[in-house]
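**Student:** Here it is, the structure in full.
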Amino acid sequence: MKVVCQGLELSDAVIKVTKAINGKSVSPILDGIKLTAKDDCLTLFATDLELAIEKKINAEVLVEGETVVPGKFFGELVKMLTNEQIELTLDENQKLKIKYTDGEVEKKCFSVEEYPELQRISSGGGFCILAKELKDLISKTIFSVSVDEGRPTLKGCLFEAEDYTISGVALDGYRLALVKKPLEQKADKTSIIVPARSLAELSRFLDDSDDIIHVKVENNFMMVDLEHTMIMTRLLSGDFINYRQIIPGEFDTNIIINKDQFKNSLDRASILSRGEKNNLVKLDIKENVLYLISNSDDGANLKESIAINLSGKDMTIAFNSRYLLDCMKAIDDEFIKINLNTPVNPCVITPCDKEEYLYLILPVRMV
């Protein structure tokens, strides 16, 4: 193999594909990056067998070939060569020579025959969605994913696609996020659980464009092809919680509130509650005013009032301020609707006039 490429492009590609290396592999070769030189293109590929990322860059291929280079070493080296033209040459002893303007480095590589080959998804089911909609779907749900190792299916987001709509659902036992987005083509009924880590990495490659993204699903794998980049992930197996039965259908108290005013008050209140048990903030709802109250163990107190539109009963209820703030950061609407029943029943946050999202948060019992 002999190939010439630009250091900046190579460094950028290495940074992207190494996100698929978890650093905890028992097999050293899985800490490597597979390089394939063919057809005026250098392809970089990395996987930990759960997540795989492939990136193609333009290159002058003098001799076709492939190898697996140690990932950490290669990444640290090429990030120092972003202003260089780099020549990569592999000899018959699997030694890679990395040549640049003022010098060269040699490194023993792994045999490509030892590297695992993941079967690509060629057809199968899936769905088509705009890049900006998929990015928004991920950002509005992923923060509610569980980190509990004992509940593996909750460490991912449930994607349910049917006809022209996809729903993303995440929950961790204390809160639930449900977001709906339109699809660009009619989809067969599809239900998959995508690991949160894979979604986080996928989101880094997505922009706010109207480009149509084709998401393919087959044999417990999901693949997204983004022209010069491919991301493939193994899906989580098992049954997701029946989230629909958790969401209340009726409410005794409904308030409409300015989202930014509520968020700003929560930001200030969280300064007091930070480090305290449950990050507690209390909402005292009376007539058309919401009083937001926060106290700290060192005697600091905060009380702010926000004008609201109240329908139903007065209510006093407490929450973990972080859970409320996470929702507020994800919501773009000027006004939101907060739906309540009792101080011990879930709170449900929705838009005022559409059904794009729903956030459910369990309250904290007040003593």
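**Student:** Given DSSP loops and a limit of at most 12 other Cβ atoms within 10 Å, what is the longest stretch of the chain that contains no such GluC sites (Glu not before Pro)?
**Tutor:** Maximal segment without exposed cleavage sites: 150-226.
**Student:** Follow-up question, since we're still on this one. So how far apart, in nm, are the two label points at LYS259 and ASP207 if each is 7 Å from Cα heading toward Cβ?
**Tutor:** Reported label-point gap for LYS259 and ASP207 is 2.5 nm.
**Student:** Can you tell which of ILE57, SER123, ILE331 lies farthest toward the positive end of the dipole of the chain, using +1 and -1 charges on the Cβ of basic and acidic side chains (Lys, Arg; Asp, Glu)?
**Tutor:** ILE331
**Student:** Using only DSSP helix segments of four residues or longer, with each worth -39500 (n - 2.57), what per-residue ellipticity at 222 nm results for the chain after dividing by its residue count and rounding to 500?
**Tutor:** -5000 deg cm²/dmol
**Student:** Further question: More than 20 Å apart: what percent of Cα pairs in region 78-214 qualify?
**Tutor:** Taking all Cα-Cα pairs of region 78-214, the fraction more than 20 Å apart is 62 percent.
**Student:** Based on Cα positions only, what radius of gyration and what Dmax would you give for region 177-268, in angstroms?
**Tutor:** Over region 177-268's Cα set, Rg and Dmax evaluate to 18.0, 52 Å.
**Student:** For the pair ASP298/LYS79, report the inter-label distance in nm, with labels modelled 7 Å from Cα in the Cβ direction.
**Tutor:** Result for the modelled spin labels: 3.6 nm.
**Student:** Compute the distance in nm between two label points, each set 7 Å from the Cα along the Cα-to-Cβ direction, one at LYS132 and one at ASN22.
**Tutor:** 3.5 nm
**Student:** Let me ask something else. Tell me, what is the per residue accessible area of region 1-46 in Å², probe radius 1.4 Å?
**Tutor:** Value returned for region 1-46: 42 Å² of accessible area per residue.
**Student:** Leaving out ligands, DNA and RNA, and with a 1.4 Å probe, what % of the accessible surface on the chain is carbon or sulfur?
**Tutor:** Details: 8170 of 18070 Å².
For the chain, the apolar C and S fraction of the accessible surface comes to 45 percent.
**Student:** How big is Rg to Rh over region 228-367, alpha-carbon atoms, Rh as the Kirkwood inverse-mean-distance radius? If you can, show how the numbers build up before the last one.
**Tutor:** On the way: Rg = 16.8 Å, Rh = 16.3 Å.
Result for region 228-367 is an Rg/Rh of 1.03.
**Student:** Just the number please: accessible area per residue for region 102-218, 1.4 Å probe, all protein chains included, in Å².
**Tutor:** Normalised by residue count, the accessible surface of region 102-218 is 48 Å².
**Student:** Let me ask something else about it. Mind putting together the pair-distance distribution for the chain? All Cα pairs, 10 Å bins, whole percent per bin, short to long.
**Tutor:** For the chain, the pair-distance distribution reads 5, 21, 24, 20, 16, 10, 4, 1, 0.
**Student:** Do any of LYS135/LYS282; LYS19/LYS108; LYS16/LYS186 go past 24 Å between their Cα atoms, and which?
**Tutor:** LYS135/LYS282; LYS16/LYS186, as the Cα separations exceed 24 Å there.
**Student:** So, R0 is 41 Å and r is the distance between the beta-carbons of TYR291 and LYS180; what FRET efficiency does that work out to, to 0.05?
**Tutor:** After rounding to 0.05, the efficiency reads 0.80.
**Student:** Only Lys, Arg, Asp and Glu count, each charged at its Cβ (+1, +1, -1, -1), so figure out the dipole size of the chain about its Cα centre, rounded to 20 debye.
**Tutor:** 1140 debye
**Student:** Continuing with this model, one more query. Rolling a 1.4 angstrom probe over the protein heavy atoms, how many square angstrom per residue are accessible across region 264-367? Walk me through the intermediate numbers first.
**Tutor:** Values: 5310 Å² over 104 residues.
About 51 Å² of surface per residue is accessible.
**Student:** Hey, how many Å between the Cα centroid of region 327-363 and the Cα centroid of region 104-147?
**Tutor:** 32 Å
**Student:** Could you calculate the contour length gain from HIS214 to GLU227, that is, 0.36 nm times the residue separation minus the distance between their Cα atoms, to one decimal place in nm? Don't skip to the end; give the middle numbers.
**Tutor:** On the way: separation 13, 0.36 × 13 = 4.68 nm, distance 1.05 nm.
Difference between extended and current length: 3.6 nm.
The values are calculated or read from the model by the stated rules, or taken from the named source; none is laboratory data. If you're wondering where the values come from, they're calculated on a predicted model, not measured in any experiment. In this analysis, Cβ positions are derived from the backbone assuming ideal geometry, glycine residues included, and neighbour counts consider all displayed protein chains. To get the accessible areas, we keep the full protein, side chains included, count just its heavy atoms, and leave off ligands, DNA and RNA. Shrake-Rupley method; radii C 1.70, N 1.55, O 1.52, S 1.80 Å.
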